[in-house]
Amino acid sequence: SEGADAPYVPLPSCWASAWLETGPDEVLLGCENYLHAAILRPSERRIVGEVDLGSTLEAGSFDAEGGSLYGVSLWGDARVRRWRWPDGEPLAERLVGPFNWSALHVPELGELWVSRFLEGRILRLDAETLEVRGQIPLSFGLRALHRDPVRGVVWAAAAYSGRLWRIDPQDPDRPRSWALCGQTRDLDSDAAGRVLLGSDCGIFAVDAGPAN
């Protein structure tokens, strides 16, 4: 069955990987294997539309105004891409190589940060042109990026080394680091500014205090 009473939402021809909120009851779902992104209405548990991006979207980020969508693909595309939202018109792209796991808009710097899985670095790109501005070396297996809106800091995690970093966008070359047990994957934060993460050893909440 489909609709509000269904236990799941059918996603034919889409291996869903990206989950980006676009409104109070609307989510953009990116697919690993499909050049269209699906628009989900969670309260109704159904797909209400598609956006043709011309590329797979495995991870993405919106800018602060919501007028630009950025996307990367781990396997299928070696480019970082920027589209106008909501019509999906291509605005910029940059060839950076494969194995890009996350994309995060950092409004304080007007940059897009991309996690390079094999290199273990954050690639810093101009948010408009996608030109490379610099890099932040961390460790192999760099995966998740998350911006804490409470304290304005960026968190990064490496899936294999189990390390967690807190990065102040105003001082990005001096990240703080923690060693955690097991593979660290997705990141989130709560209203108190604590970062929340899951690993092989459980769920952690880390409170690192103010950015400065």
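The values are calculated or read from the model by the stated rules, or taken from the named source; none is laboratory data. Given the structure is predicted, the values throughout are model-derived calculations rather than measurements. Glycine gets a Cβ as well: all are built from the backbone with ideal geometry, and neighbour counts include every protein chain shown. Ligands, DNA and RNA are stripped out before the accessible areas are found, and what is left, the full protein with its side chains, is counted by its heavy atoms. Shrake-Rupley method; radii C 1.70, N 1.55, O 1.52, S 1.80 Å.
Results, tabulated for the structure shown:
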read-out	value
Gly198 at pLDDT 95 or above, out of contact with any Cys (no Cβ under 9 Å at 6 or more places or on another chain) and not acidic (Asp, Glu)	no
Some residue of the stretch 120-130 being aliphatic (A, V, I, L, M) and at pLDDT below 95	no
Checklist (1) more than 22 Å from Phe62 (Cα to Cα); (2) without any contact (Cβ under 8 Å) to a residue 40 or more places away in the chain; (3) assigned to a strand (DSSP E or B); (4) of a type outside the set (Val, Ile, Thr) applied to Arg133, failing item	(1)
The listed residue being of a type outside the set (A, V, I, L, M, F, W, C) and closer than 26 Å to Gly23 by Cα, out of Pro98, Pro90	Pro90
Residues of the stretch 105-135 satisfying the condition of being closer than 22 Å to Asp77 by Cα and open to solvent by less than 10 Å² (accessible area, probe 1.4 Å)	Glu111, Leu112, Trp113, Val114, Ser115, Gly120, Ile122, Leu125, Ala127, Leu130
Tabulated pairs, the stretch 102-120, first acidic (Asp, Glu), second in a strand (DSSP E or B), C-beta under 6 angstrom, 6+ apart or interchain	Glu111/Arg124
Some residue of the stretch 14-27 being among the polar types (S, T, N, Q), under 21 Å from His146 (Cβ atoms) and either in a loop (DSSP other than H, G, I, E, B) or touching a Cys at 6+ places or on another chain (Cβ under 9 Å) (or both)	yes
The stretch 158-170 residues that are under 16 Å from Leu196 (Cβ atoms), paired with ones that are among the acidic types (Asp, Glu) (beta carbon under 6 Å, 6 or more apart)	none
The listed residue being β-branched (Val, Ile, Thr) and open to solvent by 50 Å² or more (accessible area, probe 1.4 Å), out of Val9, Val48	Val48
Residue pairs meeting the criteria (Cβ under 6 Å; at least 6 apart or on separate chains; first among the basic types (Lys, Arg), in the stretch 172-201; second surrounded by fewer than 16 Cβ atoms within 10 Å (Cβ to Cβ))	Arg194/Ala205; Arg194/Asp207
Test: residue in the stretch 16-27 that is β-branched (Val, Ile, Thr) and either at pLDDT below 90 or over 16 Å from the mean Cα position of the chain (by Cα) (or both)	no
Count - residues of the stretch 46-74 that are touching an Asp or Glu at 6+ places or on another chain (Cβ under 7 Å) and either farther than 15 Å from Ser102 by Cα or hydrophobic (A, V, I, L, M, F, W, C) (or both)	4
Tally of residues being crowded, with 19+ Cβ neighbours inside 10 Å, out of contact with any Lys or Arg (no Cβ under 8 Å at 6 or more places or on another chain) and not in a strand (DSSP E or B) across the stretch 153-212	1
Residue, surrounded by the most Cβ atoms within 10 Å (Cβ to Cβ), within the stretch 51-82, restricted to residues that are farther than 23 Å from Arg147 by Cβ and polar (S, T, N, Q)	Thr56
